[in-house]
Each structure stands twice: as C-alpha cells, then as structure tokens.
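This report refers to the structure that appears directly beneath it.
Readers should treat all values here as calculations from the given coordinates under stated rules, not as data from a laboratory. Because the structure is predicted, anything quoted here is derived from the model rather than measured. Cβ coordinates were reconstructed from backbone atoms using ideal geometry, including for glycine residues, and neighbour counts include every protein chain displayed.
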Amino acid sequence: MKKLCLMRLSAIGDVCHAVAMVERIQRHWPDCQITWIIGKIEYQLLATMPGIEFVQFDKSLGKQAFKKLRQDLGKQQFDALLVMQVALRANIAARQINAKVKIGFDWHRSKELHWLFTNRRISPQPHAHVLEGFMGFADALGVPAVDDLRWPIPVDAEAKTWAQQQCQALGEFVIISPAASKAERNWLPERYAAITDYLQAKGKKVVLCGGPGKLDQQISDAILQHTSAIAENYVGQTSLKHLLALIAEAELVIAPDTGPAHMATTVNTPVIGLYAHSNPRRTGPYRDLQRVVSVYDEVILKQTGKSWQQLPWGKRAKGADLMARISTQSVIDKIDQWLQQSTVNAVLKQQG
C-alpha cells in the first residue's frame, strides 16, 4: 500500500486503541502515506502524531460536515480505506472517500448498514477486544503481526514540564477520573471518596481529572463533598495533551469505562477499571484486564438468563443503578493487590 486512509472518528478510548494498529502499519510500511479521518475532539489528542495526515470531521456541522470532508480530500485516490467504525455517520462519510478497496468489519459486527459501504471485510474474531478488532484491519492488509504494542502519541514539552511540576508538588499520586460520557456508567461519589480516604491512609495522594462537561463537574463536586483528602482537582482544567502528560506521571488511574482509562494504557500507567454495563473483556483497559472490578457477568446473567459466552459479543447490560453493585471493598481489594505488586517491583528494582 502506498496511500492508505482510515476512518475512526471517535471516541477517545477507541482512537487510542486504533493508534496501536496504525503504529503497526508504520513500523512495517514506513513509506505508506496515511490519512486519518478523525473527530474534532479526538484530533486534539493525536494532532502531532508523526507520519499521519489528519482530516477533521466535525459532526456538529451536520450535513455540511460531509461536504467539507469531500473538499478537504479533494481528488485524492487511496489504495485502501479502513472503515473502522460502524456508526451510520461514519459509513456515510466513507462514501465521500475515493478508494479502490474499502475494508469494513465482518458480517457479525456489521451494523447500521455498514456492509453497504464496504467491499471487503476483516476476518471474524469471536470474543475479541476492541483493540484486537482494529488489528484485524492490519491483518486484512497483510501487515505482519507485532509482539509488542506501541502508542506513539506525542506530548509537547510544555505539557510534559507542567505535569512534572505537578508531580514535584504532589509526590506520589493516584488519579481518579470518575466521569464517563453517560451518567449510568459512573460509580457513586461517596464510594470514590471512601477509596480516596483509603489511599490517603496508605500514603498516596489523590487527584481528580476529567473534562469540562457538566457531568464531570457534578460528580467531582459530589466527591469533594464527601472527602477532604483530594489533593488537587484538575477537572476541566487540562487539555487532552496535558491530561495525558499527567497520567504518565501518575502511579495509578482509577476510572469507569472512559477515555482517560485507555489513555493510561498508552503511557503504561496501571488502571483499575470499573465496569457494569459493558463486558470488560471487550472494552476494558487492554493491559490491565486483570485489575478490572466488574459486575457485568452477574448483571447480564440476571437480565438475560444467559452467560456472556452465550450472548452476542458486545451485548450491553441496561439499567441506571448497575454501578452501585460495585462495592467499595472490591475496589480496595484491587488497590491492595496493586500496592503489594508495587512493593515487590520496588524491591526487585533495588536489587537490580
């Protein structure tokens, strides 16, 4: 392939997964020209990624977004287009792109008329993580597999310096990023407060992180009402680049199914993920699935009468109060396991 285009508009976690696949292509095909059609917010995180020409797709423009996409691409012709999103918006956007081959998901994962907009499909992957699903596109192109995953998301010097300054002031710290995009995926503020107090008792400072949205502000304010142990509140105060730099300095991230959990994976910061609505085997923090606290299995069995293995892959549980099934103690247990492993790692490092 000399000229490749990929379509993955959103969301933060998913574009983080996609970066590992893109790096795999770049590693084996360094001369391949890659264009990435991406959402406006997600672009802020990946903007300076080397070797990629980004074209922003602003969904807020409505129908004009498709017209602008055609204008931005001009008469470019691609050897292949990877349609890595099944949402109808992405499918329609794919029609605006001139490519000899348009590769989409397999029949099982082909939703919202996805199959109409592609002429080739990746191989089926029963029970695959989202990241592994994206790797299926590299497989379809014939790109050799890799043993190690890499996420070359650059962070500028100013963001790194700022994060290092925060680290110097705080010392060792843990990030809680409590707000997902949907309220039903959020854990209870008083329980976040309880584990904050527990971490403080263990000698760890805790900071809050999140976006500028109303839901982020509400849940962080609620946590602050239940504890005085939050060392810093960065909610709504950082760009995505600054947040990534801060996550890289943190010892641990605790979060529900939300972007910062997957951003942590890209910089190798451990994650304790909190899950109830979606199967963490599919959407959990890729390097830390063993650290996930999940009630998904019991919830989906109760709601459907079937185990997750018997259901369509990606089946979500429904309910506004499912996260309340995650106990404070279950999260503390994972924290204790992490603390014990950290102690072992520190001893091994001292011994050389």
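Assorted remarks:
- Remark: the Glu53-Gln337 segment gains 98.0 nm on full extension, using 0.36 nm per residue and subtracting the alpha carbon distance.
- Of the DSSP H helices in the chain, those with a Cα length along their own long axis of 15 Å or more and a mean Kyte-Doolittle hydropathy reaching -1.0 comprise 12-28, 130-141, 157-170, 189-201, 214-226, 328-350.
- Taking 0.36 nm per residue of sequence separation and removing the Cα-Cα distance, the Asp147/Gln237 pair yields an extension gain of 28.7 nm.
- Here Lys204 is the anchor, and the lysines within straight C-alpha reach of less than 25 Å, apart from those fewer than 8 places off in the same chain, are Lys160, Lys241, Lys334, Lys349.
- Sorting Glu42, Glu23 by the number of Cβ atoms found within 10 Å of their own Cβ, with the fewest placed first, yields Glu23, Glu42.
- Nearby lysines by direct alpha-carbon distance to Lys318 (threshold 17 angstrom, same-chain neighbours under 8 apart not counted): Lys182, Lys302, Lys306
- Estimated inter-spin distance, Asp106 and Lys318, nm [label 7 Å along Cα→Cβ]: 2.7
- Over the chain, relative contact order from alpha-carbon pairs under 8 Å, at least 6 apart, %: 15
- Theoretical gain in end-to-end length, Ala201 to Gln76 [0.36 nm per residue, Cα-Cα removed]: 39.1 nm
- Highest-fluctuation residue, Ser228, Ser330, Ser60 considered, GNM on the chain with Cα pairs under 10 Å: Ser60
- When the chain is treated as a Gaussian network with alpha carbon springs shorter than 10 Å, the biggest mean-square fluctuation among Thr304, Thr118, Thr283 belongs to Thr304.
- Mean Cβ neighbour count within 10 Å, used as a protection proxy, ranking 90-100, 197-207 highest first: 90-100, 197-207
- Short-range pairs are left out: with C-alpha atoms under 8 Å and at least six residues apart, the relative contact order of the stretch 244-290 is 35 percent.
- Dividing the mean sequence gap of close Cα pairs (under 8 Å, 6+ apart) by how many residues the stretch 3-141 holds gives a relative contact order of 24 percent.
- Of interest is the spacing of the C-alpha centroids, which for the stretch 1-58 and the stretch 271-340 amounts to 29 Å.
- Among 49-55, 287-293, the order from most to least packed when residues are scored by Cβ within 10 Å on average: 287-293, 49-55
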